[in-house]
1. Under a 5 Å amide H to amide H cut-off, with H placed in plane at 1.01 Å, what residues pair with residue 24 once short-range neighbours are removed?
2. Over the chain, with every protein chain in place, what whole percent of the accessible area is carbon and sulfur at 1.4 Å, could you tell me?
3. Consider the candidate values [x] 142; [y] 155; [z] 101; state which one is volume of the Cα convex hull per residue in Å³ computed from the structure displayed.
4. Place a point 7 Å from Cα of residue 77 in the direction of its Cβ. Which residues in the stretch 43-58 have their backbone N less than 12 Å from it?
5. Any idea how far apart residue 28 and residue 13 come out in nm if each label point goes 7 Å out from Cα toward Cβ?
6. Expressed as an acute angle from 0 to 90° and rounded to the nearest 10, what is the orientation of the C-alpha long axis of helix 125-135 relative to the principal long axis of the chain?
7. Angle, helix 100-109 long axis vs. longest principal axis of the chain, Cα atoms, 0 to 90°, nearest 10?
8. Taking the Cβ-Cβ separation of residue 67 and residue 130 as r and a Förster radius of 25 Å, what is the calculated FRET efficiency to the nearest 0.05?
Amino acid sequence: MQQENAFEDFTRDISYRIFRCPEGIALTATMKDVFHDIFIEIIVAADNLRILSARVNFFKQPTDFCQEIDKAMSLLVGTVIGKGLNKRLLEIFGGGEGCGNIRTMLMGLLPLALNAKAASGVKDQNELLEKISKELKGSCIGYPSNY
């Protein structure tokens, strides 16, 4: 049976990567589907999780207007990853001047900086999980505040 459009059998892949860099912590995300091939890179200060730089590259997008979101990416600089982050992402990337795909990518990517900060200096896997559990206590159901 012939498919009528791309959304009858659609796959979207989003991947994240975190690594140390001279400036602090580098966070990258990619999103690929039949319409998109997007790369995001965010550099964060390791000590306070303040965003130092933010960029996006479109290798494939449904319209030429999509690339204009790079102006909004610059508004992330100075934002601290923590309480109020989702609200800030909605302010910057919501509505007709924003991009739901970039917002979705960032909502998955940026909180990983909290894990990277919590894991700093730990080599042992069990110690790592214990430290992350302590640092993220009360941040979600996985790390309850009464545990």
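The values are calculated or read from the model by the stated rules, or taken from the named source; none is laboratory data. Remember, it's a predicted structure, so these values are computed and weren't measured experimentally. We place every Cβ from the backbone using ideal geometry, glycine too, and count neighbours over all the protein chains shown. The accessibility values were calculated without ligands, DNA or RNA, using every heavy atom of the protein model including side chains. Shrake-Rupley method; radii C 1.70, N 1.55, O 1.52, S 1.80 Å.
1. Amide H neighbours of residue 24: none.
2. 51 percent
3. [y]
4. In the stretch 43-58, the label zone of residue 77 (backbone N under 12 Å from the point 7 Å along Cα→Cβ) covers 43, 51-55.
5. Using points 7 Å along Cα→Cβ, the separation is 1.5 nm.
6. Taking Cα atoms only, the helix is inclined about 90 degrees.
7. 20 degrees
8. Result of the calculation: an efficiency of 0.05.
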